[in-house]
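The values are calculated or read from the model by the stated rules, or taken from the named source; none is laboratory data. Owing to the predicted nature of the structure, the values given are computational and were not obtained by experimental measurement. All Cβ positions, glycine included, derive from the backbone under ideal geometry; neighbour counts span all protein chains shown. What goes into the accessible areas is simple: the full protein's heavy atoms, side chains included, and nothing from ligands, DNA or RNA. Shrake-Rupley method; radii C 1.70, N 1.55, O 1.52, S 1.80 Å.
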Amino acid sequence: QVQLVESGGGLVQAGDSLRLSCVVSGDRYVLGWFRRAPGEKREFVAAISRSGGRTSYADAVKGRFTISRDNAKNTAYLQMNSLKPEDTAVYYCAADRAPFYSDYINDENQYDYWGQGTHVTVSS
């Protein structure tokens, strides 16, 4: 059973930074971060390949967020800088077991396993 456990969420002010972590059990997967804001549908944030050599970002976070991974620790990270109130959401880590970095990596249907989420609230 693959498990993904997110941590690092919290309440911060606009302009602050947070780093989310996702510990993954099992094999090395393509990993993604998604978020769901109150009353909205879940949206893609960022993804990273198995080696960490390839990354993708949503336009809304490009230049502010950085996805990375430490395969020795089975952990992925999402460094979030210059946070805005519109970044308020539940953030989910997801794993794609496909052996390649899909062209549809920003589609939640590409992912096979999901964590429970961690809350991020950014006050203005």
**Study point:** Unmet criterion (only one of (1) at negative phi; (2) in contact with a strand residue (DSSP E or B) (Cβ under 9 Å, 6 or more places away or on another chain); (3) open to solvent by 50 Å² or more (accessible area, probe 1.4 Å)) for ASN74
**Key:** (1)
Check your understanding: For HIS119, all conditions in the list (1) part of a strand (DSSP E or B); (2) surrounded by fewer than 16 Cβ atoms within 10 Å (Cβ to Cβ); (3) without any contact (Cβ under 8 Å) to a residue 40 or more places away in the chain hold save one; what is the number of the exception?
Key -> (3)
Practice item. Scan the range 70-93 for residues that are within 14 Å of VAL5 (Cα to Cα) and assigned to a strand (DSSP E or B) and report the count. Key: 8
Review point. Got at least one residue in the range 36-56 being among the hydroxyl-bearing types (Ser, Thr, Tyr), under 10 Å from the mean Cα position of the chain (by Cα) and open to solvent by 30 Å² or more (accessible area, probe 1.4 Å)?
Key: no
**Study point:** In the range 1-35, residue least open to solvent (accessible area, probe 1.4 Å) [restricted to those that are aromatic (Phe, Trp, Tyr) and either farther than 10 Å from TYR77 by Cα or at pLDDT below 95 (or both)]
**Key:** PHE34
**Study point:** Top-ranked residue in the range 43-69 [being touching a Leu at 6+ places or on another chain (Cβ under 9 Å) and among the basic types (Lys, Arg); ranked as farthest from ALA89 (Cα to Cα)]
**Key:** ARG50
Check your understanding: When residues of the range 94-109 are filtered for being open to solvent by 20 Å² or more (accessible area, probe 1.4 Å), in contact (Cβ under 8 Å) with a residue 40 or more places away in the chain and either hydroxyl-bearing (Ser, Thr, Tyr) or closer than 19 Å to VAL5 by Cα (or both), how many remain?
Key -> 3
Review point. Do we find that SER82 is within 16 Å of HIS119 (Cβ to Cβ) and either free of Cβ contacts under 8 Å to residues at least 40 places away in the same chain or surrounded by fewer than 21 Cβ atoms within 10 Å (Cβ to Cβ) (or both) in this structure?
Key: no
Review point. Filtering the range 15-53 down to residues that are among the charged types (D, E, K, R) and in contact with a strand residue (DSSP E or B) (Cβ under 7 Å, 6 or more places away or on another chain), which residue is nearest to ASN106 (Cα to Cα)?
Key: GLU43
Exercise for review: Return the only residue of ASP87, ASP70 being within 18 Å of LEU11 (Cα to Cα) and not aliphatic (A, V, I, L, M).
Suggested key: ASP87
